[in-house]
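Asks: Supplied in structure tokens, the structure appears directly below.
The values are calculated or read from the model by the stated rules, or taken from the named source; none is laboratory data. Remember, it's a predicted structure, so these values are computed and weren't measured experimentally. Cβ: placed from backbone, ideal geometry, glycine included. Neighbour counts: every protein chain shown. Calculation scope for accessible area: heavy atoms of the full protein, side chains included, ligands and nucleic acids excluded. Shrake-Rupley method; radii C 1.70, N 1.55, O 1.52, S 1.80 Å.
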Amino acid sequence: MIRKAGLTTFSTEWTSTHAGASLDVIDSHTAGNPTRIVVGGLVFPEEVREVPAAQAWLRDSADWVRRRLVHEPRGGGLTCAVVPLPSTGPDHDLGAVILEPGSYPPMCGHCMIGLATVVDEFGLVPGTVAADGRRTIRIRTPAGLVQAAVLRGDGAAGAVELTNVPSWFVDSWYQELGGKRVRVDLSWGGDHYAAVDAAELGLSLRPESAPEIVALSRELAAALADSPPRDPLTGDSLNVYQVLFYERLDDEDSPSCRVVVSAPPGALDRSPCGTGSSALLALRLARGEIDPGATLTTRSIIDSRFAVRAARVDDGGGRLAVTPVLTGTAHVTGFSRIVADPFDALGDGFAPL
């Protein structure tokens with residue numbers, strides 16, 4: 001007979017007899033892409049409080065946290081996680097360190113939408129509630145301050161309006177890709193994206209084309225790793241590992257693009273990618289392809305959608321800086337206690353293939 005007991009009872013009994021750190025998480029997905037929010041079990045050293053210090057400590061002294069949360073066998077190439085941090089100043093309600101399978105990125109739009117939804121749903125921080133019921137949550141990320149307004153409806157969290165960090169077009173060049181000479185556009189949207197118009201490759205951005213998309217993204221990522229681009233304004237060498245393919249779907253009234261982002265080792269974002277959509281908005285505005293007051297709809301490979309518009313456009317400092325406002329939705333998918341059996345040789349996970 002199966003013993004009847006709650007999950008908490010089982011996990012508490014197991015962890016008490018199997019020494020090792022356990023992490024409590026709330027799982028969600030944003031437009032199809034998963035995010036794990038750490039809500040218990042992780043203790044930082046007393047001196048580690050600010051976001052940059054927390055990111056550095058996790059990377060240099062506690063990388064097992066990232067590996068256990070997002071690597072296989074518990075996670076995979078798409079899994080991301082967020083470690084929330086208590087506020088350390090009046091300009092933000094909480095801090096956030098973002099964990100991905102291959103890196104500690106400066107920003108992640110779908111993660112921040114997922115974080116804001118979970119924070120609102122479970123009342124994890126006070127935030128500011130407006131007269132119309134929306135809760136505004138200010139989040140300090142490694143890329144800078146972002147603001148999430150959670151729009152509530154029928155007693156539950158609804159869409160999230162995420163005001164991202166300023167975004168801009170960086171540079172363009174031509175190179176061989178897939179046996180064709182194509183234009184590559186580099187933009188910043190909280191992370192750097194090398195963007196290619198799929199039409200130049202004759203590429204379909206549909207699920208059945210996933211193997212071809214991955215192969216082309218790996219080819220471009222390898223070229224970027226061999227010869228890192230430089231920012232023409234600052235001269236800095238840039239770490240560009242995200243590849244973005246887009247397909248124009250514009251009509252007369254509404255600009256729209258299908259967006260597929262590939263991150264190492266070649267996992268395709270199921271969402272339209274928040275920072276990628278921000279980078280694409282900055283690119284299209286810099287080219288004069290869309291009106292500064294227009295809303296760009298971005299659609300993913302599974303047809304989930306974001307809407308992104310420019311709250312502000314500043315034409316100074318040598319480049320067009322756009323402050324994007326991204327609208328999307330996230331939903332809770334589960335509650336987990338992440339543990340590692342001390343006898344498990346793969347207890348800290350292994351990188352997705």
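Asks: What is the Cα radius of gyration of the chain over 2.2 N^0.38 Å, N being its residue count? Please report the intermediate quantities before stating the final value.
Replies: Details: Rg = 20.5 Å, N = 353, 2.2 N^0.38 = 20.4 Å.
So the chain has a normalised radius of gyration of 1.00.
Asks: As I understand it, the dipole of the chain uses +1 on the Cβ of Lys and Arg and -1 on the Cβ of Asp and Glu, about the Cα centre. Which of 264, 94, 106 lies farthest toward its positive end?
Replies: 94
Asks: When only C-alpha pairs under 8 Å and at least 6 residues apart count, what is the relative contact order of segment 252-336, in percent? Before the final figure, lay out the partial values.
Replies: Details: 140 pairs, mean separation 23.0, N = 85.
Worked out over segment 252-336, it gives 27 percent.
Asks: Could you check what % of the DSSP bridge pairs in segment 246-317 are antiparallel, to the nearest 5? Mind showing how you got there, number by number?
Replies: Values: 10 of 13 bridges.
About 75 percent, rounded to the nearest 5.
Asks: Further question on the same structure: Among 45, 255, 84, determine the one that fluctuates most according to a GNM of the chain built with springs between C-alpha atoms less than 10 Å apart.
Replies: 45
Asks: Let me ask something additional. Report the antiparallel proportion of the DSSP beta bridges in the chain as a percent, rounded to a multiple of 5. Write out the running numbers ahead of the final one.
Replies: Numbers: 79 of 92 bridges.
Approximately 85 percent, going by the DSSP bridge assignments.
Asks: Between 18, 92, 331, find the one with the highest GNM mean-square fluctuation for the chain; connect C-alpha pairs within less than 10 Å.
Replies: Highest fluctuation of the listed residues: 18.
Asks: Solvent-accessible area of residue 59, probe 1.4 Å, all protein chains present, reported in Å² to the nearest ten, please.
Replies: Answer for residue 59: close to 110 Å² accessible.
Asks: A further question follows. Run the dipole for segment 37-78 about the Cα centre, Lys and Arg Cβ at +1, Asp and Glu Cβ at -1, nothing else charged, and hand back the magnitude in debye, nearest 20. Don't skip to the answer; put the middle values down first.
Replies: Details: 6 positive and 6 negative charges, 48 e Å.
Its charge dipole is roughly 240 debye.
Asks: On a C-alpha basis, how far is the centre of segment 52-106 from the centre of segment 138-211 in Å? Whole number, if you could?
Replies: Between the Cα centre of segment 52-106 and that of segment 138-211, the gap is 20 Å.
Asks: With a 1.4 Å probe and every protein chain left in place, work out the accessible area per residue of the chain in Å², rounded to a whole number.
Replies: 44 Å²
Asks: Compare the Cα positions of 32, 227, 42 along the charge dipole of the chain (+1 at Cβ of Lys, Arg; -1 at Cβ of Asp, Glu; about the Cα centre) and return the one farthest towards the positive end.
Replies: The listed residue farthest towards the positive side: 42.
Asks: Using Cα atoms only, what is the angle between the long axis of helix 51-61 and the major principal axis of the chain, expressed in degrees (0 to 90) to the nearest 10?
Replies: 70 degrees
Asks: Also, I was wondering about something else. Placing +1 at every Lys and Arg Cβ and -1 at every Asp and Glu Cβ, with all other atoms neutral, what dipole size does the chain have around its Cα centre, in debye to the nearest 20? Please report the intermediate quantities before stating the final value.
Replies: Values: 31 positive and 43 negative charges, 101 e Å.
With Lys and Arg at +1 and Asp and Glu at -1, about 480 debye.
Asks: Further, regarding this structure: Would you work out which of 209, 53, 126 lies farthest towards the positive end of the dipole of the chain? Charges go on Cβ: Lys and Arg +1, Asp and Glu -1.
Replies: The residue sitting most towards the positive pole is 126.
Asks: Around residue 146, with a cut-off of 10 angstrom between Cβ atoms, what is the net charge of the other residues, counting Lys and Arg +1 and Asp and Glu -1?
Replies: Working: positive: 138, 140; negative: none.
So the environment of residue 146 carries a net charge of +2.
Asks: With a cut-off of 8 Å between alpha carbons and a minimum separation of six or more residues, what is the relative contact order of segment 55-195 in percent? Mind dumping the intermediate values first?
Replies: Values: 256 pairs, mean separation 21.9, N = 141.
Over segment 55-195, the number comes to 16 percent.
Asks: What percentages make up the Cα-Cα pair-distance distribution of segment 43-183 when the bins are 10 Å wide from 0?
Replies: 11, 34, 31, 17, 6, 1
Asks: How far is it, in nm, from the label point at residue 302 to the one at residue 131 when both lie 7 Å from their Cα along the line to the Cβ?
Replies: 4.0 nm
Asks: Could you size up the charge dipole of segment 235-353 around its Cα centre, putting +1 on the beta carbon of Lys and Arg and -1 on that of Asp and Glu, and report it in debye to the nearest 20?
Replies: Numbers: 11 positive and 15 negative charges, 22 e Å.
Rounded to the nearest 20 debye, it is 100 debye.
Asks: Still on this structure: What angle, in degrees between 0 and 90 and rounded to the nearest 10, separates the Cα long axis of helix 210-226 from the longest principal axis of the Cα atoms of the chain?
Replies: Orientation of helix 210-226: about 80 degrees from the principal axis.
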